[in-house]
Structure formats: structure tokens, C-alpha cells
1. I'd like to know if region 61-79 contains one or more residues that are assigned to a loop (DSSP other than H, G, I, E, B), modelled with pLDDT of 95 or more and surrounded by 22 or more Cβ atoms within 10 Å (Cβ to Cβ).
2. Yes or no: residue 24 in the same structural domain as residue 132 (by TED's automatic domain parsing), under 24 Å from residue 302 (Cα atoms), at pLDDT 75 or above and surrounded by 10 or more Cβ atoms within 10 Å (Cβ to Cβ)?
3. Filter region 140-160 for residues that are under 16 Å from residue 114 (Cα atoms) and in contact with a helix residue (DSSP H, G or I) (Cβ under 8 Å, 6 or more places away or on another chain) and give the result.
4. Any residue at all in region 152-159 that is in contact (Cβ under 8 Å) with a residue 12 or more places away in the chain, under 13 Å from the mean Cα position of the chain (by Cα) and surrounded by fewer than 24 Cβ atoms within 10 Å (Cβ to Cβ)?
5. Can you tell which of 167, 140 is surrounded by fewer than 24 Cβ atoms within 10 Å (Cβ to Cβ), over 15 Å from the mean Cα position of the chain (by Cα), without any contact (Cβ under 8 Å) to a residue 12 or more places away in the chain and more than 23 Å from residue 109 (Cβ to Cβ)?
6. Could we say that residue 114 is part of a strand (DSSP E or B), in contact (Cβ under 8 Å) with a residue 12 or more places away in the chain, crowded, with 21+ Cβ neighbours inside 10 Å and touching a strand residue (DSSP E or B) at 6+ places or on another chain (Cβ under 7 Å) here?
């Protein structure tokens, strides 16, 4: 999946040139699998007794395994050269299609290794317990979805991704959902300077969300942001629980640069005023430390993601 100019996905066999498309399938490891391997007697007792705190884990696990087997059978019948992995970190293997089996989290961390030219399709392996916003369908549609994806019959959507630089060095170019900047301790105050459009404002808050349109229905929306059209090239930021020390009675909506839009070609600049700052990229798995005085810039990436079969969710 070498980097290059984005191209429209066609039938995988045509792109591959040898009649047998190469398909990479990334599947999640379920919480039940992870926790069952623990030696903690309390956790093992809760699982054994089916306690309410873990009651759905086993059924979600079984649903996921069933979906995995359906995908294996379908790809074998379709004649694809399929590779199944729990994680994927290489980018140079030339797959024609990347499939994720899991939920939105699986799609997000897999997308970080997929360039602008390789199409992806996400399948929700446990719809009873997973939202699957980015998924084209669930386990009941596995065979049909894979067949249509390989035939080039699933509608592609180009999703804007975000680039992040720290002190002039690129740290990420494939953020799909959002980045959270905050203090390493969630109970501590996050202090920073935000600069956009020639204006600079100091903030004391619990952090700031920044992300492209694909993530605007998630944390950005919950924090008071707008839902952006899925094909938008804009970015959005929302300061979480902003507080103005100079004007303590001021409403959060009235605090300058508490939220806003970064147009294509613009950047949002952030300067940390804390030593314990953290950047969380599309969740908690990828984290970068940010020290006091570090400058972080956010801009639209030149590497969009091609996602197949993205269903409309009533976005604006």
C-alpha cells in the first residue's frame, strides 16, 4: 500500500492484474478473549457468573467469531488471496482491499496504516454491542459485502483525514476521527494557547477535541460541536468545559475560540502551557507527549481515506 495519488477503486482483480485480488482482513480481539486470559480471580469470577458488568461479553465474542468464519468462507469462495491478522503495521504489501471485522475502533486503528489509494470496507461483527458507524453492514451481510467490494460495486466515499505536527515535525497524517489534547490526569486542568485566524486566546479547560468531518458525530458533537457533511474538507475544534479566569461568570459559548472551523488550507495552532500534555489520536491506543511550550498544528491531510459502502446516517 505505497503512498501515492488517490485513485478511484475498481474491481480488485483488475487492479491486481492476476485475477486473484489480495485482501487483508484485520479482526479485533474481543474483550472476552482478553479478560478470560487474565489471572485476576475477581475478573474470572465475574465472567463465570455472568455478572451484569460483563454479561454481554460472551455473546459479543461468539458473534464476532461467527463473523470471522463467515468472512473466511466467503473470501475462499470468491477466490481471493486473503491474509487474516489481529494487527497490521506494515504499509508496503500491495493489498487490493482492506477489510475490518469488529466495530468503529477496529476501523480507526487499522486506517492509520492504509494509504489514500487502498480502499477499505468495515463489517460490524457484533451489532448487538457495537454502533458500527463506519461499517457497511454486519455479519448477516458478510458474503454479499465482500463480493460487492471486490467487484467494485460498493460506493466509495473519500473521507478527509487530519495531519498533526509538533514543533514542526509530522507526528500523524491519517487521523480520521479526532485528536484529544489534555492533561495526562483527567482531573487536572489543561492549559493552552489556541491561535486561529490571527487571534490567540489562553484557555483553562479539560481539553480540546480537534478532528475532521468523519468524527463530528462522536465526541465533537457531544462536546457541543456541529455535525459536518461527511465529504467536508473542513476540520473542527471544541474546547471541553472552557473556563475564563478573568471572567469566571462568562458563558462557555461566549469565550473566544472555544469552538470553530478550520477551512481547507488553514491551520489551528495550539501551544501547551503544561508539562504533562498528551495527544490522543483516534482513541487511547496512540499517544504523544506534549511538554510546556510545545507548539502543535492541525491541518487537513493530503491522504484521504477511501471507505466503501458507508451508510447515510442523516448527516447534514
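The values are calculated or read from the model by the stated rules, or taken from the named source; none is laboratory data. Note that the coordinates shown come from a computational prediction; the quantities given were computed from them, not determined experimentally. As a convention, Cβ positions derive from the backbone with ideal geometry for all residues, glycine included, and neighbour counts pool all protein chains shown.
1. Restricting attention to region 61-79, the residues satisfying the condition of being assigned to a loop (DSSP other than H, G, I, E, B) are 78-79.
Filter once more, so that each one left must be modelled with pLDDT of 95 or more: 78-79.
Those still in the list that are surrounded by 22 or more Cβ atoms within 10 Å (Cβ to Cβ) too: none.
No, region 61-79 contains no residue that is assigned to a loop (DSSP other than H, G, I, E, B), modelled with pLDDT of 95 or more and surrounded by 22 or more Cβ atoms within 10 Å (Cβ to Cβ).
2. In short, yes.
3. 159, 160
4. Residues of region 152-159 that are in contact (Cβ under 8 Å) with a residue 12 or more places away in the chain, as a first pass: 152, 154-159.
Checking which are under 13 Å from the mean Cα position of the chain (by Cα) leaves us with 159.
Now restrict to residues that are surrounded by fewer than 24 Cβ atoms within 10 Å (Cβ to Cβ): 159.
There is at least one residue in region 152-159 that is in contact (Cβ under 8 Å) with a residue 12 or more places away in the chain, under 13 Å from the mean Cα position of the chain (by Cα) and surrounded by fewer than 24 Cβ atoms within 10 Å (Cβ to Cβ).
5. Criteria check complete, one pass: 140.
6. Numbers: part of a strand (DSSP E or B): no; in contact (Cβ under 8 Å) with a residue 12 or more places away in the chain: yes; crowded, with 21+ Cβ neighbours inside 10 Å: yes; touching a strand residue (DSSP E or B) at 6+ places or on another chain (Cβ under 7 Å): yes.
Considered against the rule, which asks whether it is part of a strand (DSSP E or B), in contact (Cβ under 8 Å) with a residue 12 or more places away in the chain, crowded, with 21+ Cβ neighbours inside 10 Å and touching a strand residue (DSSP E or B) at 6+ places or on another chain (Cβ under 7 Å), residue 114 comes out as no.
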